[in-house]
Amino acid sequence: MSETFILRTQDLTKEFKGFVAVRSVNLQVRGGEIHALIGPNGAGKTTCFNLLTHFLTPTAGRIFFKGRDITGASPAAIARMGLVRSFQISAVFPHLSVLENVRIALQRKRGASYDFWRSERVLEAHDPRARELIEAVGLAEYADAIAVELPYGRKRALEIATTLALEPEMMLLDEPTAGMTHEDVERISALIKRVAANRTVLMVEHNLSVVEHLSDRITVLARGEVIAEGDYVAVSRHPDVIQAYLGTAHA
């Protein structure tokens, strides 16, 4: 694994009218790893994600991506740099097919326009790559299915396909297995492992079994602060983590 930190924060803080949701978080994500951000409800995980992609503006602190200070950059600019949060381009069009959704994401990569007015011939030029992405996420048999009719787990796979269309160097996945059946959890976990083979993944995930089996490194938040960091064995035995999750420092 690379020791280079592709993403890091310096004293990242977010305050809402006197309530500090994220306090002096120093996050360091190594390139090429799957890094999980976990913690009990209200720990500040989603707020932290929103700060990283600038859907929220930090009250204090800095964010660096590939050594560049991206604090204050727009969400679109951050995505163009290669740091992509799945929902940024995966608000799937429910009444279009899987193929059409992925094709739109590929069109989006070309610039600021979806090019809806282009001829069918021009749009179809994206089809080979779209089908490659659909195959990569296990949706080949659903290529012509309407997105709204997909089972929930397959919709999440489609979201990942549309994210991959932007060719991100780093993907931020917010609870990728939330609300899924056991079968879907296994399928999406395998997919995350596969797409992480040549990129960095930072994910917020409540399913600790998924975290244990996928993550190279874990950062634990509680009350907006980092309370532990390390591999699964280390953080699961940390007394502050046990107390945060169980409310008592059992051994």
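Structure values in brief
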item: Only one of Leu214, Leu191, Leu150, Leu166 that is in contact with a Phe, Trp or Tyr (Cβ under 8 Å, 6 or more places away or on another chain) and surrounded by 15 or more Cβ atoms within 10 Å (Cβ to Cβ); result: Leu150
item: Looking only at the stretch 6-37, and only at residues there that are open to solvent by 70 Å² or more (accessible area, probe 1.4 Å) and of a type outside the set (S, T, N, Q), the one that is farthest from Glu205 (Cα to Cα); result: Lys17
item: Any chance Ala249 is under 26 Å from Arg23 (Cα atoms), at pLDDT below 90 and surrounded by fewer than 15 Cβ atoms within 10 Å (Cβ to Cβ); result: yes
item: Filter pass, Met180 being touching a helix residue (DSSP H, G or I) at 6+ places or on another chain (Cβ under 6 Å) and in contact (Cβ under 8 Å) with a residue 24 or more places away in the chain; result: yes
item: Candidate set from the stretch 108-142 (those that are modelled with pLDDT of 70 or more and part of a loop (DSSP other than H, G, I, E, B)); member that is surrounded by the most Cβ atoms within 10 Å (Cβ to Cβ); result: Val137
item: Scan of the stretch 46-92 for residues that are without any contact (Cβ under 8 Å) to a residue 60 or more places away in the chain, surrounded by 15 or more Cβ atoms within 10 Å (Cβ to Cβ) and in a loop (DSSP other than H, G, I, E, B), ordered by number; result: His54, Phe55, Leu56, Pro58, Thr59, Ile70, Thr71, Ala73
item: Flag if Arg223 is surrounded by fewer than 16 Cβ atoms within 10 Å (Cβ to Cβ) and in contact (Cβ under 8 Å) with a residue 40 or more places away in the chain; result: yes
item: Given (1) open to solvent by 80 Å² or more (accessible area, probe 1.4 Å); (2) under 30 Å from Val20 (Cβ atoms), index of the condition Asn198 fails; result: (2)
item: Where a residue in the stretch 1-29 is assigned to a strand (DSSP E or B) and at pLDDT 95 or above and its partner, wherever it lies, is acidic (Asp, Glu) and open to solvent by 60 Å² or more (accessible area, probe 1.4 Å), with Cβ under 8 Å and at least six apart; result: Ile6/Glu169; Ala21/Glu15; Arg23/Glu225; Ser24/Asp11; Ser24/Glu225; Val25/Asp11; Val25/Glu225
item: Qualifying residue in the stretch 212-230 (condition: of a type in the set (Lys, Arg) and under 30 Å from Glu124 (Cα atoms)); result: no
item: Yes/no for Ala43 being open to solvent by less than 20 Å² (accessible area, probe 1.4 Å), in a strand (DSSP E or B) and of a type in the set (A, V, I, L, M); result: no
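The values are calculated or read from the model by the stated rules, or taken from the named source; none is laboratory data. Small disclaimer: the values here were computed from a predicted structure and weren't measured. As a convention, Cβ positions derive from the backbone with ideal geometry for all residues, glycine included, and neighbour counts pool all protein chains shown. The protein model used for the area step is the full one, side chains on, heavy atoms only, and it has no ligands, DNA or RNA in it. Shrake-Rupley method; radii C 1.70, N 1.55, O 1.52, S 1.80 Å.
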